[in-house]
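Visitor: One structure, pasted below without further comment.
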Amino acid sequence: MKEIELKLQGKINRLTNKTFKFDERVRDGWFSAVYFLKTRQIVEKYHYDKIVTMQFFQKNHAVLCGTDEVISLIKTFADNPDELEIYSLKDGDKISPFETVLTIKGNYKNFGYLEGLIDGILARRTSVSTNVYNVVKAAGASGKQKEVIFMGDRDDHFMTQAGDGYAAHIGGASAKATHAMNEWWGKQGMGTMPHALIQLFEGDLVAATRAYKETFPDDELIALVDYNNDAVADSLKVAREFGKELKGVRVDTSRTMIDQYFLRNQHLLGTFDPRGVNAELIFALRKALDDEGFQHVKIVVSGGFNEDRILEFEKQGVPVDTYGVGSSLLKVNIGFTGDNVMIDGKHVAKAGRRYRPNPRLEKEI
């Protein structure tokens, strides 16, 4: 049984290293900034017995993520971790600028070298969860919540996928593109056909869709309809061929292309940007499907979508059912800072920083 299931059942409070599978070189300081390693040596020589309180915060309104991972990191690699006193918020908590999210109290030499790793975990996980949260919120701006698929497999190093997928789940993404993104949850990745499949059938979308249907008969049948840069015509082709079996079409037109629909209807041009997946193209696609009785066919859009672009679509009432979003969700735009703010119970911090107690923090056992 996955740890996440035990956590959801209330049998454990936090995910552990059984989920995270940390690189053992953390213990050797391989991933720590060298000045932290040097500081640990100096502290062992001059101040080995001093007890510090280290406090972590960031500067945005955000959806916190990474606390389970950080606490597991500390418990796995700190010297004498049972002697540390840790207080923390939880993954999924909404946080404010400068709000303390985590404090660690103990002998500095036992855990100080992990400071940068803690900052980095919280920064990436919280950035992804917050980006996803904001996109999901935008996708419901019309009053009807649309599905958001996390498609960040090609936008970063593949080794980040498990943690990013977890953070995306915390942020509210309903599906993820790879099995790795679902690793910590024990679920399967979600996806249908890429452009490469249609290419292998020499651009014959109907043939490619038929092959997909015959190979994966239990999947929802969703056709990718922009390969020939004629999304409306190709959507109608597959809808006429597969009828009720076709559950959706996905439009992924490049931002440098103008769909052939507008070349056939040039009287529509002149008042909007016709490149890529634009509102007018999706309105036309929905009308064409509805006019032929294919109201059941859902429309999925992808390709360069972010919070602002989704919000624009939703405000216009563009008939999108699902947004596929990738690169914009992986931008690390929230940085965390760890500060030593107390020594042996005395308030001591660098200029501009101070101990900020937070009654929302819970003690970790």
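Visitor: With the checklist (1) within 22 Å of Arg356 (Cβ to Cβ); (2) buried (at least 17 other Cβ atoms within 10 Å of the Cβ) in hand, flag the one item Gly116 doesn't pass.
Guide: (2)
Visitor: If we only count strands (runs of 3 or more DSSP E) wholly inside the stretch 197-306, which ones have 1 or more residues that are open to solvent by 60 Å² or more (accessible area, probe 1.4 Å), charged (D, E, K, R) and modelled with pLDDT of 95 or more?
Guide: So the answer is 246-251, 298-302.
Visitor: Can Tyr48 be described as out of contact with any strand residue (DSSP E or B) (no Cβ under 6 Å at 6 or more places or on another chain) and closer than 23 Å to His347 by Cα?
Guide: In short, yes.
Visitor: When the stretch 6-27 is examined, which residues are found to be open to solvent by 50 Å² or more (accessible area, probe 1.4 Å) and part of a helix (DSSP H, G or I)?
Guide: Lys7, Leu8, Lys18, Glu24, Arg25, Arg27 - these are the residues of the stretch 6-27 that are open to solvent by 50 Å² or more (accessible area, probe 1.4 Å) and part of a helix (DSSP H, G or I).
Visitor: Go through (1) hydrophobic (A, V, I, L, M, F, W, C); (2) within 22 Å of Asp164 (Cα to Cα); (3) open to solvent by 20 Å² or more (accessible area, probe 1.4 Å) for Leu73 and report which single condition fails.
Guide: Every listed condition holds for Leu73 apart from (3).
Visitor: Could you look through the stretch 224-269, keep only residues that are of a type in the set (Gly, Ala, Ser), in contact with a strand residue (DSSP E or B) (Cβ under 7 Å, 6 or more places away or on another chain) and free of Cβ contacts under 8 Å to residues at least 60 places away in the same chain, and pick out the one that is nearest to Ile282 (Cα to Cα)?
Guide: Here the residue is Ala231.
Visitor: Continuing with this model, one more query. If Lys90 meets every condition in (1) touching a residue at least 60 places away in the same chain (Cβ under 8 Å); (2) charged (D, E, K, R); (3) under 23 Å from Phe31 (Cα atoms) apart from one, which number is that one?
Guide: (3)
Visitor: Let me ask you something else. Hey, does the stretch 342-364 have a residue that's under 21 Å from Ala168 (Cα atoms), touching a residue at least 60 places away in the same chain (Cβ under 8 Å) and hydrophobic (A, V, I, L, M, F, W, C)?
Guide: no
Visitor: Being of a type outside the set (A, V, I, L, M) and touching a Pro at 6+ places or on another chain (Cβ under 7 Å) is true for just one of Phe216, Phe262. Which residue is that?
Guide: Going through Phe216, Phe262 in turn, just one is of a type outside the set (A, V, I, L, M) and touching a Pro at 6+ places or on another chain (Cβ under 7 Å): Phe262.
The values are calculated or read from the model by the stated rules, or taken from the named source; none is laboratory data. Small disclaimer: the values here were computed from a predicted structure and weren't measured. Positions of Cβ are generated from backbone atoms using ideal geometry, with glycine treated the same way; all protein chains shown enter the neighbour counts. SASA here: full protein model, heavy atoms, side chains in, ligands and nucleic acids out. Shrake-Rupley method; radii C 1.70, N 1.55, O 1.52, S 1.80 Å.
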